[in-house]
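Step one of this worksheet: look at the structure below.
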Amino acid sequence: MTGTSSANNSWDLGLTLNDAQFQSVSTTGWDAPRQADGSLPVLPNLRPTANSTLVDKGTDVGLPYTGRAPDLGAFEQPGATPQAGRYEAESAPAVCQGTIDSDRGGFSGSGYCNGNAAVGAYARFTVNAAAAGTATVGIRWANGATAARPANVVVNGATVASAQFASTGAWTTWTTTTVTVPVNAGSNTVRLDPTTANGLPNIDYLDVRI
């Protein structure tokens, strides 16, 4: 067959699957009644374990996920439940479309997100909220270039704010921009999407208050 590609297919990844890859392979509970809100019962069936070879082996198609890439299968292995507080750009489940660097001083943690120089080369964070409401998000960043590096703030797929990220004069001069965003109860994705070809400034962390 010509004109075909196996890119993004999972059949040629060389994974070996067995029952130990899943929290459960039992059918117990499949016929359980729905929950009070109408949603399906939450069961361990076919959910990958934390060390399953299915974890991070999928392809990003725009749906929420944790880790470096989506998991293969019907369910995502959630990892540690994120909470309101500080979210370092270098720590999973944060995703940096670029590199995690540590050569510019003054950052928090072990590094920062140095995004690719491209429109849409995002930094994404996963934030958990106990209830729906409004979150105050402090974005710590540095821009040693002369031009601003504006970005949209996208929460759960919707653009809810923007930030200009003007020059700070040096890549070692860090500052914080604060935005207010809506959040849902449970897990939320907060994404910084650059709108120019220069990409994002260097992103250190998010401080989130809910």
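Readers should treat all values here as calculations from the given coordinates under stated rules, not as data from a laboratory. It should be emphasised that the depicted structure is a prediction, and the values quoted were computed from it without experimental measurement. In this analysis, Cβ positions are derived from the backbone assuming ideal geometry, glycine residues included, and neighbour counts consider all displayed protein chains.
Structure data summary
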read-out: Environment charge of Thr172, counting only residues whose C-beta is closer than 11 Å and scoring Lys/Arg +1, Asp/Glu -1; value: 0
read-out: Surrounding net charge for Thr49, when Lys and Arg each add one and Asp and Glu each subtract one, Cβ distance under 11 Å; value: -1
